[in-house]
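Remarks on the structure that follows.
The values are calculated or read from the model by the stated rules, or taken from the named source; none is laboratory data. Bear in mind the structure is a predicted one, so any value in this text is a computation, not a measurement. Quick reminder, even Gly has a Cβ in these numbers, built from the backbone with ideal geometry, and neighbours come from all protein chains shown. Remember, those area values only see protein heavy atoms, side chains included, never the ligands or the DNA or RNA. Shrake-Rupley method; radii C 1.70, N 1.55, O 1.52, S 1.80 Å.
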Amino acid sequence: MKLCILALTVVIAPLIISGCNKSANENVTNAASPTATPASKATATPDELAFARANYAKHCSACHGDEGKGGLVKVNNTKLKVPSLREGHALLHPDEKLSRQITNGGDGMPKFKDKLSPEEINAMVRFIHHEFQGK
């Protein structure tokens, strides 16, 4: 019996000593964090439509509405019937036509080529598809 205890002590003692020799930081960094997820370890990507969302709020929502529904609106004491970005002809326009409409305006819509860069206009088209048309 004493031989068994002596053998266990000889085996267990080095394990305990080696575990105690590690620094506290080493033990913490090797342990898995309970809140860590693969997404939190990866580099976070910013919302690629955030700038277009801000431009929409600044330039478009007064007429098309926050939800892109359009309808009757009053802008500068003028009543306008603004098309929906969610349904109707806006769904049928290819990207190039939407981009051209935003750039050059027309049919009561002001032109935005002096306010938005071509990249911002293309981002706006992607934003409209994503937010209002489910594409």
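All conditions in (1) modelled with pLDDT under 95; (2) open to solvent by less than 30 Å² (accessible area, probe 1.4 Å) hold for GLU48, with the sole exception of (2).
Considering only the stretch 34-41, I want to know if a residue exists there that is part of a helix (DSSP H, G or I), open to solvent by less than 60 Å² (accessible area, probe 1.4 Å) and either touching an Asp or Glu at 6+ places or on another chain (Cβ under 9 Å) or modelled with pLDDT under 65 (or both). Looking for residues that are part of a helix (DSSP H, G or I), open to solvent by less than 60 Å² (accessible area, probe 1.4 Å) and either touching an Asp or Glu at 6+ places or on another chain (Cβ under 9 Å) or modelled with pLDDT under 65 (or both), one finds none in the stretch 34-41, hence no. Taking the conditions (1) touching a helix residue (DSSP H, G or I) at 6+ places or on another chain (Cβ under 8 Å); (2) open to solvent by less than 100 Å² (accessible area, probe 1.4 Å) in turn, LEU91 satisfies each one other than (1).
Filtered by the rule that a residue be in a helix (DSSP H, G or I) and crowded, with 16+ Cβ neighbours inside 10 Å, the stretch 54-77 gives ASN55, TYR56, HIS59, CYS63, HIS64.
Of the numbered criteria (1) exposed (fewer than 14 other Cβ atoms within 10 Å of the Cβ); (2) at pLDDT 90 or above, the one ARG100 fails is (1).
Number of residues in the stretch 104-121 that are surrounded by fewer than 17 Cβ atoms within 10 Å (Cβ to Cβ) and free of Cβ contacts under 8 Å to residues at least 24 places away in the same chain: the value is 11.
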